[in-house]
Structures are given as structure tokens and as C-alpha cells.
Amino acid sequence: MRPPDKNKSFGPMAWTNPRLRSLVYQLGAIAATIAIFTFFALTARANLERQNIASGFGFMNNTAGFGVIQTLIPYSEESSYGRVFLVGLANTLLVAVIGTVFAVALGFVIGVARLSGNWLVSKLAAVYVEVFRNIPLLLQLFFWYFAILRPLPAPRESIVLLPDVFLSNRGVAMPAFHPTDATSLFLIALAVAIVGIIVLRRWARKRRLATGQSFPDGRIALGLLIGLPLLVFFAVGAPAQIEPPVMGKFNFDGGWRLLPEFVALTFGLVVYTAAFIAEIVRSGILSVSKGQTEAAHAIGLNNSQTLRLVVIPQALRVIVPPLTSQILNLTKNSSLAVAIAYPDLVSIFAGTVLNQTGQAIEVIALTMAVYLVISLATSFAMNTYNARVAIVER
Amino acid sequence: MNNRLVAFLVGIVIGAFALYFFLPGPATHLTAAQPVATDAAAKKAGPTAAAAATLDLVRKRGYMQCGVSQGLAGFSNPNDKGEWSGIDVDFCKAVAAAVFGDANKVKYRPLSAKDRFTALQSGEIDLLSRNTTWTMSRDTSLGFDFAGVIYYDGQGFIVKKASGITSAAQLDGATICTQTGTTTELNMADYFRGHGMDYKVLAFEKNEESLSAYDEGRCDAYTTDASGLFAQRLIMKNPDEHLVLPEVISKEPLGPLVRQGDAQWADVVRWTLFALINAEDLGVRQSNVEMMKVSDSPDIKRLLGTEGAYGQALGLSNNWAADVIKAVGNYGEMYNRTVGPDTPLGIPRGLNALWKNGGLMYAPPIR
Ligand SMILES: N[C@@H](CCC(=O)N[C@@H](CS)C(=O)NCC(=O)O)C(=O)O
């Protein structure tokens, strides 16, 4: 072992130059990686050729010929395998996005509740976390799907949750909202309200910094948000046409219908992931020293202000990195869909399409690439956010 | 993960795809250089030593690996002792008897509809005998060879009697349960599309799940091969509450298949099936094989190896067909034991009767 300062000496032999040496190592590592990938790609192709198995991505243009129960984008049996890929991707993203939103919200609530001074609330939150964190997700999905949603009554004997909202073994049926002439006006009003609120808050903040006076921006914001669209409603009429579900021959027709497979998957993922997020939120809040809270109280902030203005912003920098991996987990776990017949990417593309074309390498590679890209995009977004909430030293 | 790592990984992914597509691999040269493999060529040098040697491989291993379904009465079904039975299982036994003279030298690999093809492609099994429909794409682009047809089937629907439905034409708008990775999914799509009807398909990977989904009312109908409907009805909560609709919407010639490119092994499997059918045709049964060896009929003598060297030409012993029939009987005996009128399935011979009895079962002669 040489002492570190020796590293700086440049010998006559280039090899003793640490910069050059590390460059050579790096290049070597890259070359080795490329060589390994080339080797795999060539071997795979030669093997497929030898076994007379079709290869390449030409199959993506062929007609799929099978039906899919939930399609967010136009799809028919005449569509191509490429289209199936998009349908599956959309179904996966739907679960991932809705699941993430609810899991983060629920996780924050449970995490804060666990720290609550109320004994019952904090114990309930603790029980929640311990139960849902420690049972394998697949079992939970089976439970929600096979034990809760499937034994529900047939559509004709539906449970009425709300007027025109029905729960049956075919899922949830609810009124659909179809756009009308007033819809765009309504959306414009909403946009105006939101822009107004942003401007107002900027102004209020500036004024507070300058004069120390707080301004009731919250209440005014709420007024704008409700008032403007309401004005449109009175002026031109309802922003959407409401179409309630009606009983057809086999099931409800019309309206919006959520498949029980979708409900079970999303619900299961939310409940499971929220348990982990709750723990992350709790440890994040606990990581903010007590002195901060005391100082906040000392300058006259109340409990909710302390949490909102002092504790959470500091806790976020501890929360965000592990939160990212929970969001990624949720997305990846959504591939368990196949177990309960939800038509996600893995189920219909890496399942049905693979089986029909036999092109395992292409299909699996593409599927893996999609999950990688979704994960990387999420990481990228969260990293960017994290850079903003991380403490900036002044 | 920091953003630089993210960028690096994206690079790797793009690189891997680029390599797969754009590299002028040796693959192209291989195809150009190779003439289409004829049976003889495959048997001698063979373009692909590894692929061509299934028979040797099986012999060396001491048993055959046979892919079967995970549980379908009459086709391949394990009992509580883990012993498999059914017509697909009997066919595995027949091939083992042809190769080893011992029908027990088989390991069964239960496979879902979805996993069966990758299992065969990857060499996990030597033979797939799993109520698999012979279709063009499976025979060509998936890289398989079908040895023949062991059961002529067609797809049907089953509904609850209480629904009042008596014809598939009344299924407009219905939700229908089935299994993923089957021709069933495709036929159903064709049928509804062709009749301008609407439907929703709920496809499970496990057959028992699609069946229970139907049984519990998640779906209005369940669809699969007609033979499957007979088998599945037996395990429903209340078999009498269900009605098999009269329509048969597809042709489902079910047969055993092997990897393409090993003509010798394909021949062994194909002629085992033909021997079973020829045996029924010639009246050779499990109980009379030994007697028949001294029969006056040259056809029977060639089948049972007392004349000619037909077994040797396959790379087997001349006794091969006699061993097969001793182990599982002829095709008719196999059928009657597993799915025939006297079994719980009770399926009449129908299309699966011998050609001379008005069915489709016909095998080329051994000569
Ligand atoms: N013959 C059709 C369908 C074969 C099939 O998988 N049928 C199902 C339903 S009867 C089955 O055998 N399931 C039993 C299992 O998965 O073990 C095909 O080759 O695609």
C-alpha cells in the first residue's frame, strides 16, 4: 500500500499515472459490457435460427385476433400486437398512477396518525401498518379479489352504494359524464380560477414577507375555485351530461364501469404500499429534531402550522428518496395483475402475445425495457423533486 | 439512483436493443448456407447436432420428459397418489414404451396453456402431449412439428340453464371466461366478430380459476374445447345446472408436438401414433398382441415386427409397436379407457372413430 500522496507523482511509466490507469479500467469495463451483450445477442439469435423460431420484431404488425376486457385506447380484434402492447401499457399505467396517488395520500395520513397523541388513533395506525406490511401482497390481492369482490351479488341484485352507483360481482357501475357544449367553458373557468389563485398566493406571500401581515388567501382561493365554475353553470348550464348505468341483458350497460379485477388490484396495491409509506413518513417526521417544533411553538405557530410550515418541509428530504422506491415497487408489483386476470402489460403482452407468437426473447425484452423506463422516469422525476426539497445550504 | 446512473441505464437498454437488431449476426449466414433439412440429412449429420439428437438424449437420460396439462379429466389428470391418467398421458406412455420398451420411463411436466410452448422450445420437455390444437402458426413460426391428431375436437360454450340461453347467438353482450394462451381466446373473438356481436373476455392463466369465475357468476358463459366442457362440467358445483350450447365454433385437431428440426424424433412420435391407430384398424389389442405376432396377416406382422425391420428404420427395436400396444392398448382402447362412453366423460367416438366406421382416424400403412 502506497501512501495517498504518492499517487500524485507522475513516473516515467505511463502506467503509474492514476488518471490514465483509471481511464483504461473504465474503457475496459465498457468494452467487456459490450462484448457480453454482443455475445448474448448473437447466441440468442443463432439459437432461435437453429430451432426455426421466428425472431425480430416484425410480429408487432400482425393481427392480434383476441379480445381484451379493458381498453383505454381504441382496440379491436383486428388491431396489431403492437396495439396490444399499448393497451397493456395503458392499463398498467392506469393502475400505477391511480395507485400511487392514493397510496401516497393514505400513507401520509396513516404515518401522521401513528404519531398522533390520541392513543386509539396511533394504535389503530400501528395495527394497520403491521398487518398490511407483513402479509405477502399476492395473498392480499387474492383476498380482495376472491374473498371480497367475487362473492358479491349478481348485477341484478346489486348493492346500491349511492344513487346510481352499483356494486356487484361485475364490479362498480356508476354514472358517466359526457362532455357537452358547456364543458370547455367550464374548464376555462377552472383554469382561470387556478391561475388566479397562483397569482394571489404569490402576491400574498410577498406582502407577508414585506409587512408581516397574513392574508386569508386560502378562503379566497376556495371561493374562486367554486365560484367561477358555478357562475358558468348558472350562465350556460351543466358542464357534462350525466348518463346513469342501466341494467342490460347480462350486466349494466352505459355509465362508467370499473372491473372487479381493476378494483381489487388497485385497492390491494394502495393498501399494501401505504403501509410502507406510512413508516417512511413517520420516520421522516421523527427525524426532525424536537427543538424545531419547540422553536416553532415559541414564535407562536399553532400545531397545524408547525407541521405544515416547519416539520414537513424538513421531513420531506428524508422521506422523498425511500418514497421513490415505494412508488417504483407499486408500479412493478402491479404486474401481479396476471394472477387476478386484470389485463395489464405482463398479462396480455408478456402472456397472451408471447404465447401466440412464441417470441419470448423479444416480448420479454420489450416488457422489461418498459418497466425499466417507467422506473427510470419515476426516479428522474423524484430526483428532480428531491433536489428541490433537499436543504439548500446558505 | 442519481440522474447520471439513470442516463447510463437508458443507454444500456438502447444499446442492447440496437445490438439485437442491427448486428449482422452469423444467423443470416447460417440460413443461407443450409439447405432445407431433409429427414435423411437430419438423421445423418444434421444441421444441428444438439437439436437432432432428442432420441439419443432421451435414451441417455433414461426417461422421457412429457409436457401435459395441469389437470383435465380424460386427458391428463393426477389422482391423489400423484399418478397421471388420460389419453394425453397414455400417449406419453406409448412413446416411452416405443423408445424403452417400458411405459413408466416418463416424467410428467404439468404445464399451463400459456407456458407449454416455451417449455418445449427451451428443451425442458421432449414431447408436448397436452390437448394442443394443431395450427399453422404453431407448426411454423413457433418452431414446432405436430406428429398428427390424437383427438378431433371443436370449441363450444357452456351456460347456466337458469339464464334461459339456448344458443350461442344469444350471447351478444355477454362476459365469457376462458384460459389465456389458447386458441379458445382467438376462436371466440372470431366468432363474435363474424356474427357482429359484442362480448367481453375474462381470461385467467389457471383453468380452475376461469372455471370457478364462471361457476360463481363473474362470467355469463365459459368456453373451451368441447371435450374440455365435458370434463369441466364434472367438477362444477352443480353439474346439472349447466347447459352445453349446440354450436361448435371451430376445428380443434389436438395432437402431440415436438421441436422442429429433429426429424428422427418427430418420426418416432408420429409413427407411435400411427401404430396405435393401425393396431385398432387391424384388430390388435393389448390382450392379443402376443398371439397376433404369429398372425397370417402381413400387415400385422409388419406392425408387430415379426416381418421386416421397420422399428430399426426409426432407430428403435423392431418390437417397438408391440411394446406400445402391450403398454396402452390400441387407439380405441385408449379412447374408451379415458374419455369414451363408459367413462365419467362419456364422449361418443364421433369424429374420433376409425375411418371405416365413419370417423376421421386414419393412419398411413406400415410397409
Ligand atoms: N386446444 C386449445 C385449448 C387447450 C387448453 O389449454 N384448454 C384448457 C381448458 S379445457 C386446459 O386444458 N386447461 C387445463 C390446464 O390448464 O391444465 C389450444 O391448444 O389452445
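Using protein chains only and a probe of 1.4 angstrom, how many square angstrom of A:W15 are accessible, to the nearest 10? Approximately 120 Å² for this residue.
Dipole orientation for chain A: of the candidates A:F66, A:F267, A:I198, A:I198 has the Cα lying most toward the positive pole (charges on Cβ; Lys, Arg +1; Asp, Glu -1).
For the pair A:S289 and A:W256, a Förster radius of 41 Å applied to the C-beta separation gives a FRET efficiency near 0.30, rounded to the nearest 0.05.
Of all lysines in the structure, the ones whose alpha carbon falls short of 26 Å from that of A:K123, not counting any fewer than 8 places away in one chain, are A:K290.
For chain B, what class follows from the C-alpha gyration tensor (a ≥ b ≥ c being the square roots of its eigenvalues): rounded when a/c is under 1.5, otherwise prolate if a/b is larger than b/c, else oblate? Before the final figure, lay out the partial values.
Numbers: a/c = 2.04, a/b = 1.09, b/c = 1.87.
Verdict is oblate for chain B.
Give the relative contact order (percent, whole number) for region B:155-250; include only Cα pairs under 8 Å separated by 6+ residues.
Values: 166 pairs, mean separation 45.6, N = 96.
Answer for region B:155-250 is 48 percent.
Quote the charge dipole size of region B:155-250 about the Cα centre in Debye, to the nearest 20; the model charges only the Cβ of Lys and Arg (+1) and of Asp and Glu (-1).
Details: 8 positive and 14 negative charges, 23 e Å.
That gives region B:155-250 a dipole magnitude of about 100 debye.
Which positions within region B:172-194 get 40 Å² or more of their accessible surface covered by the other protein chains, compared to the chain by itself, with a 1.4 angstrom probe? Residues shielded by partner chains are B:E185, B:L186, B:R193.
By the Cα gyration tensor, region B:155-250 has an equivalent ellipsoid whose semi-axes, rounded to whole angstrom, run 18, 15, 12 from largest to smallest.
Skip the ligands, DNA and RNA, and give the accessible area per residue of region B:155-250 with a 1.4 Å probe, whole Å².
Details: 3550 Å² over 96 residues.
Heavy-atom SASA per residue in region B:155-250 reads 37 Å².
Taking both sides together, the accessible area buried where B meets A is about 5000 Å² for a 1.4 Å probe.
Burial annotation for region A:223-257: residues with an accessible-area loss of at least 40 Å² between the isolated chain and the complete set of protein chains, computed on heavy atoms with a 1.4 Å probe, are A:K249, A:F250.
The relative contact order of chain B, computed from alpha carbon pairs under 8 Å that lie at least 6 residues apart in sequence, is 19 percent. Here A:H178 sits with roughly 70 square angstrom of accessible surface, probe radius 1.4 Å.
Taking a 29 Å limit on the Cα-Cα distance, which of the listed pairs B:K81/B:K206; B:K114/B:K237; B:K206/B:K237; B:K93/B:K160 fall beyond it?
Working: B:K81/B:K206 22 Å; B:K114/B:K237 26 Å; B:K206/B:K237 18 Å; B:K93/B:K160 37 Å.
Going by Cα-Cα distance, B:K93/B:K160 fall outside the 29 Å limit.
Sort B:Y331, B:Y108 by heavy-atom solvent-accessible area, probe 1.4 angstrom, most to least.
Heavy-atom accessible area, descending, gives B:Y108, B:Y331.
Gain on full extension, evaluated as 0.36 nm per residue between B:E247 and B:N336 minus their Cα-Cα distance, stands at 29.6 nm.
Here B:N104 and A:A147 are evaluated by their C-beta separation; at R0 = 56 Å the FRET efficiency comes out at 0.85.
May I ask what percent, to the nearest 5, of DSSP beta bridges between residues of region B:85-240 are antiparallel?
Numbers: 5 of 13 bridges.
That works out to approximately 40 percent antiparallel.
Neighbours of A:E261, meaning other residues whose beta-carbon lies under 13 angstrom from its beta-carbon, give a summed charge of +2 when Lys and Arg score +1 and Asp and Glu score -1.
Among residues other than B:I366 whose Cβ falls under 14 Å from its Cβ, what is the net charge (Lys/Arg +1, Asp/Glu -1)?
On the way: positive: B:R270, B:K301, B:R302, B:R367; negative: B:D267, B:E280, B:D281, B:D299, B:E307.
Cβ neighbours under 14 Å give a net charge of -1.
Determine the sum of side-chain charges near B:K114: Lys and Arg each +1, Asp and Glu each -1, restricted to other residues whose C-beta is under 10 angstrom from that of B:K114. Intermediate results must be reported in sequence, preceding the final value.
Working: positive: B:R116, B:K206; negative: B:D115, B:E205.
Around B:K114, the surrounding residues sum to 0.
Residues of region B:87-132 whose accessible area, computed with a 1.4 Å probe over protein heavy atoms, drops by at least 50 Å² once all protein chains are present relative to their chain alone are B:K114, B:Q121.
Which of these, A:T293, A:T352, A:T33, has the largest mean-square fluctuation under a Gaussian network model of chain A (Cα springs below 10 Å)? Answer for the Gaussian network model of chain A: A:T33.
The values are calculated or read from the model by the stated rules, or taken from the named source; none is laboratory data. Everything numeric in this text was worked out from a predicted model, so none of it was measured. We place every Cβ from the backbone using ideal geometry, glycine too, and count neighbours over all the protein chains shown. Heavy atoms of the whole protein, side chains included, go into the accessibility calculation; ligands, DNA and RNA do not. Shrake-Rupley method; radii C 1.70, N 1.55, O 1.52, S 1.80 Å.
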